[in-house]
Structures are given as C-alpha cells and as structure tokens.
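Notes follow once the structure below has been shown.
Bear in mind these aren't lab numbers, they're just calculated from the coordinates by the rules spelled out. Computed from a predicted model, the values in this text were never measured in an experiment. Cβ placement follows ideal geometry from the backbone for every residue including glycine, while neighbour counts extend to all protein chains displayed.
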Amino acid sequence: MKKSNSIFSEIYKLDPVTNCYIIEVGLDQYADIFDEWDPAPFKRRSLDPDLELYLKGSSEEIPLRHPIELMFLMPAGSRNEALEQAARHGIRNSIAFKMYLLRKELKKTQFRLVRYVLLGFVFLWAGQIFPARFGETMLTSLLAEGIFIGGWVFLWEAVSLFFFTDLELYERYRAYKRLLNAPVFFREVSSQSLAEINRQSESDIEIA
C-alpha cells in the first residue's frame, strides 16, 4: 500500500490537509474551463472538451480508494471570488448533466439487454419444441436450427451489452460521479509554474 501511495504521490500531489490527491489544471482565465463556443453563463455552460477529457482520464488513473480534489491554478493577481463561485457551479452542473445522459443511456442498454435475453430463451425454447410439434423432417430440422442460431445470437448480444457497453457506461458514470463529488479549489501561481503545468496537461491529453 505504501509503495502504491508513493507512486501516485510522484504523479499527483497529495493535499496534507484533506488527504486528497490533487488533479491540477493551469488556467489563463476562468473562461478556459468552459467550451468557448458555448455562449451561456458559466453556471449553464459545457466544460471545455479537452479539460473534460483530462479530468476524466485523471479520475480513472487514481484508484477509487483515494479521494481526489480539483485544483485550478491561476496567474498571479487574477483571482476573482465571484467568478470562482460561478465556475464551481458551472463545473458541477456540466458534470451532473453528463451523468444524467449516461443514466438515460444505461437504462436504454439495460432494457435492450433484458429484451435480448428474453428473446434468446424464447427462440431456444421454440427451436426445441418445433420439430416435436411439426414432425422430424428436413424442413423442420432446418427451421429449428435457424431458430436455435437466432436464440444464441440474441443471448450473445445480451452478453456483449453487459460486459462491454454496459460496463463501459458504468465506468464513465462512476468517473463523472467522482468528479462531481470532488472539492474544487483555485490558487495563484507564478507564470513559469503555470506554463509548466499547462505543458504537462497537454502532453497527458495527447497520451490519453
């Protein structure tokens, strides 16, 4: 456990007060948090796509057993408490909306999964009784075989939805939920430190 913690301490700083791993993001201005093409106020604006990708990727890299916090680093002398409060609301509203869309997608996927399972068993049952009901002929055997194949196809689709699509959506939902619950802080740093952090963030996004 100590070795694992030391590895993450090299990548992400540990806040000694909150005991949270810090996801740092360098900003030139508060508007950099949000999509530049979205004209809505901060509290209703979508997150910048690159920032969203970076935050979600960082959240997935840090094991769930470790709490996280978001730290936005601003140029010295540029902090504004009113804009920071609006930005916090905007970040949480944007993440909450993403979670709402994922919940809808999960419900659709789960409905399809149940439907495929039911259809699969119905087809397998029909393939089993079809020859017995209509007699053993070449035609009925071929039809029964086709029905059996259709049943297994539906069951495979259900397995695929569960192990790939459903789990992927759940992992994304869990990452967004973690970001939603993470405290958001702002801090001023020097221009040199800010430039270094921005370069690191850009390289992390390219790798992701």
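Couple of notes before you dig in:
- Whether the range 62-101 is rounded, prolate or oblate, judged on the alpha carbon gyration tensor where a/c under 1.5 counts as rounded: oblate
- Computing FRET efficiency as 1/(1 + (r/R0)^6) for residue 105 and residue 142, where r is the C-beta to C-beta distance and R0 is 45 Å, gives about 0.70.
- Excluding same-chain neighbours fewer than eight residues apart, the aspartates and glutamates reachable from residue 107 by a Cα-Cα span under 18 Å are 157, 166, 168, 171.
- Were the residues from residue 124 through residue 17 laid out at 0.36 nm apart, the gain over their Cα-Cα distance would be 32.5 nm.
- Model label points for residue 162 and residue 81, set 7 angstrom from Cα along the Cα-to-Cβ axis, are 5.4 nm apart.
- Reduced Cα scattering model of the range 9-117, Debye log10 I(q)/I(0), q = 0.16, 0.19, 0.23 Å⁻¹: -0.85, -1.08, -1.32
- One decimal place: the segment residue 64-residue 188 gains 41.8 nm when fully extended, by the rule 0.36 nm per residue minus the C-alpha distance.
- By average C-beta atoms within 10 angstrom, highest first, the peptides 122-128, 46-52, 161-167: 46-52, 122-128, 161-167
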